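Notes follow once the structure below has been shown.
The values are calculated or read from the model by the stated rules, or taken from the named source; none is laboratory data. These figures come from a predicted structure and were not determined experimentally. Positions of Cβ are generated from backbone atoms using ideal geometry, with glycine treated the same way; all protein chains shown enter the neighbour counts.
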Amino acid sequence: MMRDENLQAASSCSPFLRAFLQTDRVWDDAAKTEWADDVERRLHEVRSQIDPGPLVLGYTIGRRGNVIVVSTVSRNELSKQEIAALSQGQWPSWDEIVKAVPEFTDSKTGFDACTNFEWWKKWDVEVEMSRFRIEDGIAE
């Protein structure tokens, strides 16, 4: 399983992990779903408290299983500089979002060119757990 040092380091970032480590629970599917639920809840809370405009009109939150995605809602016309900033992950109010949901600190930025033409960042419980396993040198 995961070593305590890596979990302790991660828990300093994640409110959920900080609380979870104080229990004697195991990392099962229920715990992973609970973590995703907590990330989604905190993301909704912070989104309701920020006003990212005018570059980004707002953010949408989506979920599939234990994968949480936050996407921009932008104007139809953006300047080249604005497109570059969003593509590089320089999103308005992002510091406030990461402060509330530190799990998104290392999230990658992508662009949906097929359906909604917006930028997205995602966090996946399984990817996070795999990262812990790799850091511990544990083969899957």
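Here ALA30 meets the list (1) more than 21 Å from PHE117 (Cβ to Cβ); (2) in contact (Cβ under 8 Å) with a residue 12 or more places away in the chain; (3) part of a helix (DSSP H, G or I) almost entirely, failing just condition (2). Restricting attention to region 70-124 and to residues that are part of a loop (DSSP other than H, G, I, E, B) and in contact (Cβ under 8 Å) with a residue 40 or more places away in the chain, the residue that is surrounded by the most Cβ atoms within 10 Å (Cβ to Cβ) turns out to be VAL101.
Just one of (1) more than 17 Å from LEU17 (Cα to Cα); (2) under 19 Å from the mean Cα position of the chain (by Cα); (3) at pLDDT 95 or above fails for GLN81. It is (2). Answer with yes or no whether ASP37 is modelled with pLDDT of 90 or more and surrounded by 14 or more Cβ atoms within 10 Å (Cβ to Cβ). Judged against the criteria, ASP37 is a match. Residues in region 45-58 that are surrounded by 15 or more Cβ atoms within 10 Å (Cβ to Cβ) and either under 15 Å from LYS99 (Cβ atoms) or touching a residue at least 60 places away in the same chain (Cβ under 8 Å) (or both): VAL46, ARG47, ILE50, PRO52. Note on region 60-76: residues that are closer than 18 Å to THR105 by Cα and over 13 Å from the mean Cα position of the chain (by Cα) total 1.
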